[in-house]
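Since every read-out is calculated from the coordinates, none of them should be taken as a lab result. Just so it is clear, the model here is predicted, and its values are computed rather than measured. Neighbour counts run over all protein chains shown; Cβ positions are idealised from the backbone, glycine included.
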Amino acid sequence: MKKYSAFSLFKHGLNHHQDWQRVWRNPTPKKHYDIIIVGGGGHGLATAYYLAKEFGITNVAVIEKGYLGGGNTARNTTIVRSNYLWDESSHLYEHSLKLWESLSQELNYNVMFSQRGVLNLGHTLQDMRDIQRRVNANRLNGIDGEILDPQQIKEIVPYMDCSANRRYPVLGASWQPRGGVARHDAVAWGFARGASELGVDLIQQCQVTGFEIKNGMVTGVKTDSYGLISAAKVGCVVAGNSGVVASMAGLRLPIESHPLQAFVSEPIKPILDTVVMSNHVHGYISQSDKGDLVIGSGIDHYNGYGQRGSYPIIEHAVAAILELFPNFSRVRMNRQWGGIVDTCPDACPIISKTPIKNLYFNCGWGTGGFKATPGSGHVFAASLAKDEMHELAKPFSLDRFYHGSLIDEHGAAGVAH
Amino acid sequence: MFLIHCPICNEPRSEDEFHCAGEGHIQRPLDPMATSDKEWGDYLFFRSNPRGTYRELWQHTIGCRKYFYIKRNTETYQIYKTYKLDDKSERVALDKEHSNKNKFGDLL
Ligand SMILES: Cc1cc2nc3c(=O)[nH]c(=O)nc-3n(C[C@H](O)[C@H](O)[C@H](O)COP(=O)(O)OP(=O)(O)OC[C@H]3O[C@@H](n4cnc5c(N)ncnc54)[C@H](O)[C@@H]3O)c2cc1C
Ligand SMILES: [Zn+2]
């Protein structure tokens, strides 16, 4: 694989960028792999990349029913942060944030990670108490965080209405300067390119339709386009389709699939150079490098597999944003879309073995797994390679729902993704 | 956007008058003391989450405030029917569907 550099950009410019090398191979699958990853989203591709790169396991295939990174990876609003409340989750997300900080260099692919900071607003006394608790917990865990008052917020976001006479006045915020946004597609493509170069087979347009299970042990996957492909281990990273894929193995998960939507405005001049989220008015916003305002809010309250989302949510999100930024009232919206998120009762992921030997699941990231893409891939790869769950993944096992050791992140993961 | 026929008010009303209360027909373990951690966990957290036919409990929150069931398709968003809590017909259909499948989660 040719390295990307300023020089290669110049060189290819000389013949009008006509002869760039293909970014990844498009192989037909072998009969057998050491490890099959089901789901070619960011998490699946990152898992394959780290398996090859860090653990030297290259006889690996990623099987994707659509195209690479076309699921929630392509549909999310790209907010990256690690200021979660509990030790278990903040360690996991911070592990990921550290990987983000050098990801473009690691992959030789510009993932446009921009640490522009993330504000989580508080509008009530209780919000502010929760923010104090969370920021202090973050600091004890070595994660950057500050508590800002409305004056300090105003300095960061001058166009936001922080006046005391709003219906939901801004009383303060938590501020994580190392948080920010990244280019979602580039993350999937960068991991795909890296994995493909190290020998991983990326199989697109191939749906897993079942598992081959013998004596309580998975021995392969059944697919629509290539029939049975055998494997020593299988890791499923299928986000909103986790329940569907689990049921192919006769399993149930504590997961429900809901549409989550987002929308972008027409591009406007730079006005917002950070990320603003509010659990209380229930909306969040940032501005992309292209200039469009990227807006999102909550999930549909009922289960669904329609990648669009319901109308009342749009109205609700717009109302929330206008409460904070009345001056955006005449900005026109350009596009709207939805993804299917895999929500968990404690708003935390499941990274776990299952009752079926050699079958692993990495799911339940719900509305907030984009930020975890490198970290999730890394700990999942380590767990698959060593047949033992990585230290950071251990608290996220499936049986926490039986012994009650849930990790309640609803506070830090409300509307904030 | 759903137009939901409330079986109690007996008229179609718009989606935002309602609140979804999750999967329907989930039976609470009858004898708490004799219920294992596994059974409690399954009852509280594990759901079928199908892509297709699904039966859900809903509440007509800003209407009659009564609970009822919706049988609908989670992929096409078609509502097959809405019915009252004491309607046993779907319970029977559900038991039949389940007895045809291998019992979920038994391995854990
Ligand atoms: C609107 C929206 C906004 C979001 N905003 C944020 C945010 O700001 N910050 C954040 O951190 N997170 C956010 N998220 C969540 C984030 O997008 C996800 O948690 C994350 O992208 C999940 O990555 P993944 O690789 O696990 O899933 P996906 O990218 O969905 O990949 C799963 C893949 O599995 C494939 N698949 C499914 N079934 C099969 C099968 N049977 N056979 C083969 N392949 C299969 C799918 O086609 C898909 O490509 C948001 C999500 C949405 C929808
Ligand atoms: Zn009613």
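Key figures for this structure:
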read-out	value
Those Cys residues of chain B for which no other cysteine Cβ falls under 4.7 Å	B:Cys20, B:Cys64
Cβ-defined net charge surrounding B:Cys9, 14 Å radius [Lys, Arg +1; Asp, Glu -1]	+2
Environment charge of A:Lys394, counting only residues whose C-beta is closer than 15 Å and scoring Lys/Arg +1, Asp/Glu -1	-3
C-alpha center-to-center spacing [region A:237-305, region A:193-227] in angstrom	27 Å
Using θ = phi - 60° and Karplus 6.51 cos²θ - 1.76 cosθ + 1.60, couplings along region A:153-158 (whole Hz; Gly, Pro as x)	5, 4, 5, 7, 10, x
Average Cα contact separation per residue, chain A, under 8 Å, 6 or more apart, as relative contact order %	22 percent
Inter-chain shielding of A:346-356 (mean C-beta neighbours from other protein chains, 10 Å cut-off)	1
Neighbour cut-off at most 12 other Cβ (10 Å), DSSP loop, chymotrypsin sites (Phe, Trp or Tyr not before Pro), region A:1-60	A:Trp20
Over 18 Å between alpha carbons, listed pairs A:Lys30/A:Lys222; A:Lys53/A:Lys357; A:Lys222/A:Lys394; A:Lys53/A:Lys386	A:Lys53/A:Lys357; A:Lys222/A:Lys394
Contact order normalised by residue count of region B:3-103, Cα under 8 Å, 6+ apart, percent	25 percent
Cβ-defined net charge surrounding A:Ala188, 13 Å radius [Lys, Arg +1; Asp, Glu -1]	+1
Alpha-carbon Debye profile of the protein assembly as shown, log10 I(q)/I(0) at 0.06, 0.09, 0.12 Å⁻¹	-0.29, -0.68, -1.20
Low-density loop cleavage sites - trypsin sites (Lys or Arg not before Pro) in region B:3-77, where at most 12 other Cβ are within 10 Å (DSSP)	B:Arg65
Cα-based Lys pair tally, chain B, threshold under 23 Å, eight or more apart or on separate chains	16
DSSP-assigned coil residues among chymotrypsin sites (Phe, Trp or Tyr not before Pro) in region A:127-211, each with at most 13 further Cβ atoms within 10 Å	A:Tyr159
Relative counts (whole %) of C-alpha pair distances in region B:3-103, using bins that are 10 Å wide	13, 42, 32, 12, 1
Anisotropy class of region A:221-308 from Cα gyration tensor, a/c 1.5 cut	prolate
Net lengthening on full extension, B:Leu3/B:His25 (0.36 nm per residue, minus Cα-Cα)	5.7 nm
At 1.306 mPa s and 10 °C, Stokes diffusion of region A:248-392 via Kirkwood alpha-carbon radius, µm² per second	92 µm²/s
